[in-house]
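*Asks:* Attaching a single structure in structure tokens format; questions to follow.
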Amino acid sequence: MFDELFKRTAAVVRHTAAPLLVERLLYLEHLRDVGSAHKTLIRYADGMLCIGEMLRWTLPNPITTEQVEAAVDRWITRRHSRKIPGHATKIALRCTARGWFRFLGLLQANVDNHPGSEQIEAYARFMLEERNLSPVTVRARCGHAAEFLRLLAEQGRDVVGFGWRDVDQILVFKGRQEGLTRSSMQTYTYDLRNFVRFLEDRHHCLPGLAAAIRPGRVYQGEQLPMGPSWDVVCRLLDAMQGETDSVVRDRAIMMLFALYGLRASEVQRLSLDDFDWENAIIRVHRSKQCARVECYPLAHPTAQALATYIRSVRPKTDRREVFLQMRAPYLPLSTSALWQVVSRRLRPMDPGLRHHGPHALRHACATRLLARGMSMKEIGDFLGHRHPSTTAVYAKVDLHGLRRVADVDLRRFL
């Protein structure tokens, strides 16, 4: 292993003769199996030598993240007593130590001392095991519950003794201080009521509190679709003409969002098997409400952008997902990473745009289809809507259709 990483004989001997050889080799082989780059393996090999020296070649059992960071800080201070060590050195050693100890099963989970941590853990298990909710939903609701308990603690209250007035003060704080919209306030209140109901069922709080929490009413279709104009979208795509790897990948992603109106989760799930290049067809896996697969014609500009990315830029790996990270271990892009891809390129094009994620491009796609004369039913089918009311919101931006309604001669009814 070491003779493959290092060219100098002295370096190979130093790594081979050091203690904990088996433990270090196992972790390096694991990193190589997940696709880590050659330079990454060298960095981790050198880092494990430093960590072994730091611990006097005795592995702890167990060790917490705080203990790892403290040990790294002490070792760097002792080794670099005559000069100020670089911050990157600390970060690299901490990362190597955490990864190595976690792989060996020696890293102990941090004890969560936040208010109500036991209730949060039980609430998460309840949603996963009994409600069968997705991990994304569980994480979001637990985050709201943890924030609620933290705000209670700041007011000097605990889980057992809080009342509806405390809940009302927290909701007022969220609305006024953080500037949440009515829709966000409704979601937050629903999540809060579900958590309080969970506490009530287990007799951890006063009874009747959940019934007193009433989310605000949000009327269907009360807001306009928030998306950029199609001119902004065209300027955005025209600006992405570079040949760097990230630009080639991001251009293919942006074209799928803008021309097909796909959701972030749908782009994330795209596989190499979803493309029929001979017949120019792309298969989209819809998951919202009801899982299904829909086929769309693969437009030539989109096909060209995707083919360029897959042939020239996409890492050579066994993974079937289309969009991957540009660095080893080449994991699939998450929905949050896709959001960042769109946001960092769309925001400079239209600074006044309120929303600048993938869904903003979905709105721009729908508005463009409406301007080209497509019916609401056709737009809904193209976007994968299951109910006509979801598409009806775009009627409010159809100025041509609204003008025809306003021009109707009503004199014959008078």
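The values are calculated or read from the model by the stated rules, or taken from the named source; none is laboratory data. If you're wondering where the values come from, they're calculated on a predicted model, not measured in any experiment. Neighbour counts run over all protein chains shown; Cβ positions are idealised from the backbone, glycine included.
*Asks:* Give the number of residues within segment 346-367 that are touching a Phe, Trp or Tyr at 6+ places or on another chain (Cβ under 6 Å) and over 15 Å from Arg235 (Cα atoms).
*Replies:* 3
*Asks:* To continue, here is another question. Let me confirm something: among Ala97, Ala70, Ala145, which residue is assigned by TED's automatic domain parsing to the domain that holds Phe198, at pLDDT 85 or above and small (Gly, Ala, Ser)?
*Replies:* On the way: Ala97 fails: assigned by TED's automatic domain parsing to the domain that holds Phe198; Ala70 fails: assigned by TED's automatic domain parsing to the domain that holds Phe198.
Sole residue among the options that is assigned by TED's automatic domain parsing to the domain that holds Phe198, at pLDDT 85 or above and small (Gly, Ala, Ser): Ala145.
*Asks:* Continuing with the same structure: Across segment 280-289, what is the number of residues that are over 25 Å from Leu236 (Cβ atoms), in a loop (DSSP other than H, G, I, E, B) and without any contact (Cβ under 8 Å) to a residue 60 or more places away in the chain? Don't jump to the end; show me each part of the working.
*Replies:* In the first step, residues of segment 280-289 are kept if they are over 25 Å from Leu236 (Cβ atoms); the result is 281, 283, 285-289.
Retained after the next criterion (residues that are in a loop (DSSP other than H, G, I, E, B)): 287-289.
Narrowing the set further to residues that are without any contact (Cβ under 8 Å) to a residue 60 or more places away in the chain leaves 287.
Total meeting the criteria: 1.
*Asks:* Going by what's in this entry, would Ala337 be described as free of Cβ contacts under 8 Å to residues at least 60 places away in the same chain, under 20 Å from Val136 (Cβ atoms) and of a type in the set (A, V, I, L, M)? Write out each step before concluding.
*Replies:* Working: free of Cβ contacts under 8 Å to residues at least 60 places away in the same chain: yes; under 20 Å from Val136 (Cβ atoms): yes; of a type in the set (A, V, I, L, M): yes.
The answer is yes for Ala337.
*Asks:* Would you mind stating whether Arg314 is farther than 25 Å from Val34 by Cα and either without any contact (Cβ under 8 Å) to a residue 40 or more places away in the chain or not small (Gly, Ala, Ser) (or both)? If you could, list the steps in order and put the result at the bottom.
*Replies:* Values: farther than 25 Å from Val34 by Cα: no; either without any contact (Cβ under 8 Å) to a residue 40 or more places away in the chain or not small (Gly, Ala, Ser) (or both): yes.
Judged against the criteria, Arg314 is not a match.
*Asks:* Against the definition (surrounded by 12 or more Cβ atoms within 10 Å (Cβ to Cβ) and at pLDDT below 85), how does His80 come out, yes or no?
*Replies:* Working: surrounded by 12 or more Cβ atoms within 10 Å (Cβ to Cβ): yes; at pLDDT below 85: yes.
When the stated conditions are applied, His80 passes them.
*Asks:* Say whether the condition of being modelled with pLDDT under 85, in the same structural domain as Glu278 (by TED's automatic domain parsing), more than 19 Å from Phe257 (Cα to Cα) and not small (Gly, Ala, Ser) is met by at least one residue in segment 349-364. Explain how you work it out, then say what you get.
*Replies:* Initially, segment 349-364 is screened for residues modelled with pLDDT under 85, giving 350-355.
Narrowing the set further to residues that are in the same structural domain as Glu278 (by TED's automatic domain parsing) leaves 350-355.
Still in the running and more than 19 Å from Phe257 (Cα to Cα): 351-352.
So of that shortlist, the ones also not small (Gly, Ala, Ser) come out as 351.
Yes, segment 349-364 contains a residue that is modelled with pLDDT under 85, in the same structural domain as Glu278 (by TED's automatic domain parsing), more than 19 Å from Phe257 (Cα to Cα) and not small (Gly, Ala, Ser).
*Asks:* Lys7 - would you say it is at pLDDT 85 or above and either in contact with an Asp or Glu (Cβ under 9 Å, 6 or more places away or on another chain) or part of a helix (DSSP H, G or I) (or both)? Give the steps one after another, and end with the answer.
*Replies:* Values: at pLDDT 85 or above: yes; either in contact with an Asp or Glu (Cβ under 9 Å, 6 or more places away or on another chain) or part of a helix (DSSP H, G or I) (or both): no.
Criteria not met by Lys7.
*Asks:* Now, a different point. Inside segment 346-397, can you point out the residues that are on the phi > 0 side of the Ramachandran plot and loosely packed, with under 15 Cβ neighbours inside 10 Å?
*Replies:* Gly373
*Asks:* Would you kindly identify the helices (runs of 4 or more DSSP H) lying entirely within segment 196-279 that contain at least 1 residues that are buried (at least 19 other Cβ atoms within 10 Å of the Cβ) and among the aromatic types (Phe, Trp, Tyr)?
*Replies:* In segment 196-279, 245-260 are the helices (runs of 4 or more DSSP H) which contain 1 or more residues that are buried (at least 19 other Cβ atoms within 10 Å of the Cβ) and among the aromatic types (Phe, Trp, Tyr).
*Asks:* Restricted to segment 317-345, and to residues that are in a loop (DSSP other than H, G, I, E, B) and touching a Phe, Trp or Tyr at 6+ places or on another chain (Cβ under 9 Å), which residue is surrounded by the most Cβ atoms within 10 Å (Cβ to Cβ)? Even if it seems obvious, please write down each step before you answer.
*Replies:* Initial filter on segment 317-345 (in a loop (DSSP other than H, G, I, E, B)): 317-320, 322-323, 325-331, 333-334.
Now narrow it down to the ones that are touching a Phe, Trp or Tyr at 6+ places or on another chain (Cβ under 9 Å): 317, 319, 322-323, 333.
Values: Thr317: 13, Arg319: 15, Val322: 24, Phe323: 22, Leu333: 21.
Per the stated criteria, the residue is Val322.
*Asks:* Shifting gears a bit: Which one of these is in contact with a Phe, Trp or Tyr (Cβ under 9 Å, 6 or more places away or on another chain), modelled with pLDDT of 85 or more, outside the structural domain of Ala366 (by TED's automatic domain parsing) and not small (Gly, Ala, Ser): Leu180, Leu151? Steps first, please.
*Replies:* Working: Leu180 fails: modelled with pLDDT of 85 or more.
The conditions single out Leu151.
*Asks:* Now for a separate question. Just for segment 303-316: of the residues that are of a type outside the set (A, V, I, L, M, F, W, C) and surrounded by fewer than 17 Cβ atoms within 10 Å (Cβ to Cβ), which one is nearest to Met255 (Cα to Cα)? Spell out how you get there, then give the answer.
*Replies:* Step one: filter segment 303-316 for residues of a type outside the set (A, V, I, L, M, F, W, C), giving 304, 308-309, 311-312, 314-316.
From what's left, surrounded by fewer than 17 Cβ atoms within 10 Å (Cβ to Cβ): 304, 308, 311-312, 315-316.
Working: Gln304: 11, Thr308: 13, Arg311: 17, Ser312: 18, Pro315: 20, Lys316: 23 Å.
Step by step, filter segment 303-316, then rank; the result is Gln304.
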